[in-house]
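Undergrad: I am attaching a structure below and will ask some questions about it afterwards.
Nothing in this text is a laboratory measurement; each read-out follows from the coordinates by a stated rule. The model shown is predicted, which means the values in this text are computed figures rather than measured ones. Glycine also receives a Cβ, built like all others from the backbone with ideal geometry; neighbour counts cover every protein chain displayed.
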C-alpha cells in the first residue's frame, strides 16, 4: 500500500487534489481512497488530506501518520509545521517552492521533487490555486500513474466542481508542472519547535481588533488570536491598498475588518499587510471605492 499525505491551507484545493488523484488512480485500474481532515474550517487554516493506493481493496480509513510521500502545496507551511514528521526513511516530498531542493530545510534530509506551482498557477489559472500543478509534480516524481490517467481524474473531479473549461486549464497547469519538476535532496535541521500556537505579544497584535487587552491575575497580558506566532498575511497573494487621495476617513473599513488589520495613523488610513488575508470586505464597504486588492509579488512587503 502507498500512503500519501497532503499539506495545504483551507480554500486552496488540497482536498480536491487528493480526490482528483485517487480518481485518476481508479482510472489506472488500482484501488484508492481519499480522506480529508479539517481543523478550523476557514480559508487559510491548516488542512490535511490523505490518499491510499493499493492493488487490492482498501479498508483502512484512518489518518496517515507515516506516509510514503508528502505533498506540500504552500511552502509557508515549512515554517509552521514539521511536514516531514513520520515520513518513512525511503519516503519522498513533493514541494511547491521557488527554491532549489538543496536550499530547502526540513526536519531531516529528504529526497524531494520541487516545482514552482504558484508561478505556473498564476500563468494558467484565474487564481494561483496550485492543486492541479502539484498533481503534475506528484505523478512525475512517483510514476504511479500516467499523465493520461491524471488528465481523466482532473477532468472528472475538477469538471464537476468548476466546469470543463476550468478543468482543461487545470490539466494544462498540471502538464507544465510535470515538465518543470526538478529532483534533489533537502537539508536537515529544520526546527519548528519554537513556534507557539498561543503566546502572542499583545502590543504587536492588529490594533483594530475589538476584543480588548486583558490582564490575568498572574500578571500576564493576553489578547485575541495567535497572529504573532502565525503571520497570517502570507496566506494570500493579494493585499488591501488604500488610495489616500480618495479616502474620506469614514473608517467603515476599520469597523468591518474581521482581522483588525486597518487603523488610522494621523491623517492616513493604513493596512497592516502582515495580517491582511485579502477577504475583500473593506473593498465592498468603502463608500468611495478607495480600497483595492493588489498583487503582492515580494512577500517581504507584508511587513509594512
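Undergrad: Give me the one-decimal nm value for the distance between modelled label points at residue 164 and residue 249, 7 Å along each residue's Cα-to-Cβ direction.
TA: My value for the distance between the label points is 5.7 nm.
Undergrad: Suppose we take every Cα in the range 2-185 and form the convex hull; what volume per residue is that in Å³?
TA: So the per-residue hull volume is 105 Å³.
Undergrad: Expressed in whole Å with the largest first, what are the equivalent ellipsoid semi-axes of the range 1-85 derived from the C-alpha gyration tensor as the square root of 5 times each eigenvalue?
TA: In descending order, the three semi-axes are 23, 13, 11 Å.
Undergrad: With 5 Å bins from zero, work out the P(r) of the range 127-183 over every alpha carbon pair and list the percent per bin.
TA: Bin by bin from 0 Å, the calculated values are 4, 22, 33, 24, 11, 4, 1.
Undergrad: At 7 Å along Cα-to-Cβ for each site, give me the label-to-label distance between residue 99 and residue 111 in nm.
TA: Between residue 99 and residue 111, the label points sit 2.1 nm apart.
Undergrad: In addition: Sort 21-28, 61-68 by packing, meaning the average of other beta carbons within 10 Å per residue, with the highest value first.
TA: Peptide ranking by packing, descending: 21-28, 61-68.
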